[in-house]
Structure formats: structure tokens, C-alpha cells
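Scroll down for the structure; my scribbles are underneath it.
Readers should treat all values here as calculations from the given coordinates under stated rules, not as data from a laboratory. Bear in mind the structure is a predicted one, so any value in this text is a computation, not a measurement. Quick reminder, even Gly has a Cβ in these numbers, built from the backbone with ideal geometry, and neighbours come from all protein chains shown.
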Amino acid sequence: MKTMPKTVFLGGILVLLWSWSVWGQAPSNPAPSKTIDPAYLLQKHETESDRIPDWQARWELARILSYVKQYPESLREYERVLSERPDLWEAKVEMAHVLHWAGQSKKALDLLETTTEDQRDEATRLLMAELYVMQKAYPKAISIYRQYIESHPQDVRIRAKLADVYGWSGQYDSAIAQYKTALSQRPDDIQLRRRYAFVLIWSKRYDEAIVELRKTLPPEPASRNKPE
Amino acid sequence: MRIRNRQLLAFAMMLLCSGLASAYLYRLTHAPWMSYREGVNHFSEHRFTEAIAALDFAIGHGIRRSDAFMILADSYMAIQRFAEALDTYEALLRINAEHALALWKTAGLYEQFGRFEDAMQRTRHLLEILPDDPAVLLRMARLLKFTGQWDEAIGYYSRLCSGDSLRPHIASELAEIYAWKREDAKAIEWFRYALSADPTDAQTRIRLARILFWSGYPEQAVSEYIRALGDST
């Protein structure tokens, strides 16, 4: 008990010193730091929109494989893209083109038929027409070609295709009309004129066919019977 | 003269009372400092809302310490109140225009807000203070890259690439600029450098594949795509 007051006395002094040390100290204003966070150097500067998703990379791979004519590999990649992103109609359309190049016309057509009209650009519609021709679905092909020719009347190549399909489907008068228009635009096209001549033959207009076929042959040498 | 125990006890009690009284009076007379200290403590214990309240009070009542502003702004950052954080860093810069960390953080926020000119202005100022700081050089390079000032960006990236701060992703960023400029050979070189340091970086490998294709190397592009996608087509 004798030592207790001394202990209390010393304790009081300590409390006093502590209170001044804690509350009485006015720290000096430190100099601003010159150290920049080094973590920034380790951070990749990549937002979510910068990231190339796997399906996108795979789609690019599928395209390149088709450019280098590795069609089976390309088609495999397109299938994987479409299994992940079935809504990606552009990939469907591209895949259909690759299927066509790979000789799988029926599959190409089936795939294109799963797309809507507004998802098909002109090249795709023309591809569909070609595929319909291969499937001998001539009315569907004619419908596409006619629609195209209405907006591109100067396209002789497609007009000639339309004429061909008319001919194969037995609509000779329509075929002849289209050939005539095409030949008026390209009178020196020998192959076109011969196709025209064949349709004339199928429609039993032999005299006209002979005239047209003669035009596609080289002229007979005029000097053969000429007296010297 | 002998001091009695009772006297000692009385002295001790007086000392104790004066200690407590001084502490109490200090609280009364130095309330801003008290708030500042509380704010620092709250911040260190990740109680950001409390830290903001305390530091706001301290600054509002005359505390002008840089770290008070910094901690207040950092607290705002921690709870994603970015506009207020920016205002606070700016307030600090009005007191000390050379405060490197405040310049750095405002530049970062301006970049985040898409105010690239402001971010660049802050970063240029910072480069006057820390001309060789690789992080500052990198931010400048990135800002220039993002704003389409590719040649100047290449200059900053090159300074980084010549030092020991070169990281694979920085090499990849430089390669990307060369790719955009259609300097394909340099782009391929830097992409390959980045991949030699980090072969697992699929994003860089896809970008390399793209540039290889554009440069007329489809077969190489195919093999890089396959590697990036991690499968064996």
C-alpha cells in the first residue's frame, strides 16, 4: 500500500506527457511525394472494347482459311463460330459461300435459306440464284435474277444468266428477248451469241439460228475463189 | 520535509486531472486537427465515408496539409465518387501546383472522363517535374496514341523501349501503332518481341496474326490464330 501513491503519481506524469505528445504535436507539412505508382507500368491499357473475343478471332481464322482454300478447316471454324454465336448471320452467309466453293451447294443453299431477305446482300442473292440453278429450282433463280436486272440493267453477265435459265426452263421467248438485249449491249460476244443460237434451235427457229451461228464463225477467206 | 502519502496522492490526482483536461481542451481548441487525425485513421482502416466527413471538416476549417487533400481525394476515389475526387486533387494543385502525385491522379481522372487534352496538359506538366519517370512517359505515350498523334506517341514509347522499363504489353502497344500506320515490318517485329517475353498473351498473338495476314503471310497468320485460340485445327 505504501508504494501505491508513488505509482499513481508517476502514472499521472505519464498520462500528462502522453496527452501532450499525442494532442500537442503539430506535425510539419511533409514535402509532396515525387513517387508515381509503379503499378501503372504493369497495367495493360486495354478496355473491354479493345479485347478481341475468341469468336471474333475464330471468325477471322475461318475467313483466312477459306482464302487459302483450306475449305474443310474453314468450315470447321465457321461451325464453331456459329455454335457460339448463332445470331451471326454474316458468318452464315460467308460460310455458305465457302460451302459453295467446297462443292457443297445443297448445304450452302440450306444455310442461306435460314437467313432473312434483308440479311442478304446482292452477292449473296446472286449466289442463291446460282445455287437454285444447280438444284434446278429455276423459277426461284429467275425471280432473283429478274429483280437484280431491274436495278442493274447494264449488267450483261447476269442478264445472260437470266436468259440461260429461261432457256433451260423452256421459256424460250423470254430467253430470246433477254439474249437480244444482252447482245445489243455486247454484240461481239461470240459465246453469248452461240448460247442465243442454241435457244433459237430449241425453239425450232433454225433459220435464225443459222444466221446467228454464222456470225460466230470466222469469215470465209474471200480470196479462195477469186481469179488471179 | 517529508511528503506524506496523502499529499502524494493529491498531487497525482491533480496531475491526472490536468492531463485529462489538457487533452479535452486540445480537442476543443484544435478541432480541425482532431478531424484531420480521425480522417487519416478512418482512411487507414478503409472507412472511407467517415474519412471523407472528417477530412472535409478539417479542410473546411483551415487545414492546408497536402496529405489531407490527398487522403480526402483518395477516399472519394475508393468509393468511386470520381468527380469529387477530381475537384479535391484540383484544390490541392491550387495550393501546390507542383504536387506530382496530384498531377498524376488528375491526369488519370481526366483520361477516365475522356478529357484527353486536359489529361495531356497535366501529364506534360508532370514530365517537367519527373522527365524520366517511366510511368509518366507511358501515360503520355498512351494519351498520344489514343488521340491519334502516332508519331509523337512512338517517340515516347521508344524512350520506354530503350530503357529497362520495357514490358511485353508496352511493346505490343507500340506494335499496334506501327500496325495502324501500316508499317507492317516494324509492327511484326514489336509484336514478336512482346510475344517472346510473354508467349501466353493471346490478344497480342491475334493482333500479330492480323498484321501477318494484311502483309501477305496468310499461312503464318493461320498458325498464329490457332496458337492464340489454343486449339489444334
*Net charge dipole size for the stretch A:130-222 [Lys, Arg +1 and Asp, Glu -1 on Cβ; Debye, nearest 20]*: 160
*To the nearest 0.05, what FRET efficiency results for B:LEU25 and B:GLU98 with a Förster distance of 45 Å applied to their C-beta separation?*
0.75
*Please find the FRET efficiency linking A:MET134 to B:SER215, where r is the Cβ-Cβ separation and R0 is fixed at 35 Å, and quote it to the nearest 0.05.*
0.45
*asked:* Using square roots of five times the C-alpha gyration tensor eigenvalues, list the equivalent-ellipsoid semi-axes of the stretch A:53-114 in whole Å, biggest first.
replied: 17, 14, 7
*From the cross-link list A:LYS69/B:LYS181; A:LYS106/A:LYS161; A:LYS140/A:LYS180; A:LYS106/A:LYS215; B:LYS105/B:LYS186; A:LYS92/A:LYS140, which pairs have alpha carbons spaced over 31 Å apart?*
A:LYS106/A:LYS215; B:LYS105/B:LYS186
*Cα gyration tensor, the stretch A:123-189 - rounded (a/c under 1.5), prolate or oblate*: oblate
*How big, on average over all directions, is the shadow cast by the Cα convex hull of chain B, in nm²?*
21.5
*Once you wrap a convex hull around the alpha carbon atoms of the stretch A:96-228, what is its projected area averaged over all directions, in nm²?*
10.5
*asked:* Could you compute the net charge surrounding B:GLU84? Neighbours are other residues with a C-beta less than 14 Å from the C-beta of B:GLU84; K and R count +1, D and E count -1.
replied: -2
_For the stretch B:212-220, 3J(HN,Hα) per residue [Karplus equation, 6.51 cos²θ - 1.76 cosθ + 1.60, θ = phi - 60°, Hz, x = Gly/Pro]_ = 5, 5, 4, 7, x, 10, x, 5, 5
*Determine the equivalent ellipsoid of the stretch B:71-126 by diagonalising the alpha-carbon gyration tensor, then write out the semi-axes as square roots of 5 times the eigenvalues, largest first, rounded to whole Å.*
16, 14, 8
*So, with +1 on the Cβ of K and R and -1 on the Cβ of D and E, and no other charges, what is the size of the charge dipole of the stretch B:178-233 about its Cα centre, to the nearest 20 debye?*
180
*Over all alpha-carbon pairs in the stretch B:31-96, figure out the percentage whose distance exceeds 16 Å.*
34
*Filter the chymotrypsin sites (Phe, Trp or Tyr not before Pro) in the stretch B:113-212 to those in DSSP coil with at most 14 other Cβ atoms within 10 Å of their Cβ, and list the result.*
B:PHE113
*Whole-Hz Karplus ³J(HN,Hα) for the stretch B:141-148, in order, using 6.51 cos²θ - 1.76 cosθ + 1.60 and θ = phi - 60°, x for Gly and Pro?*
4, 5, 5, 5, 4, 5, 8, x
*Compute the Rg/Rh shape ratio of the protein assembly as shown: radius of gyration over Kirkwood radius, all on alpha-carbon atoms.*
1.35
_HN-Hα J in Hz across the stretch B:32-45 - Karplus 6.51, -1.76, 1.60, θ = phi - 60°, x for Gly and Pro_ = x, 5, 4, 5, 4, 5, 4, x, 4, 5, 4, 4, 5, 9
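Dividing the Cα convex hull volume of the stretch B:97-165 by residue count, how many Å³ per residue is that?
On the way: hull volume 5.0 nm³, N = 69.
Taking the convex hull of the Cα positions in the stretch B:97-165, it is 73 Å³ per residue.
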*Can you give the Rg to Rh ratio of the stretch B:178-233, both from alpha-carbon atoms, with Rh computed by the Kirkwood formula?*
0.95
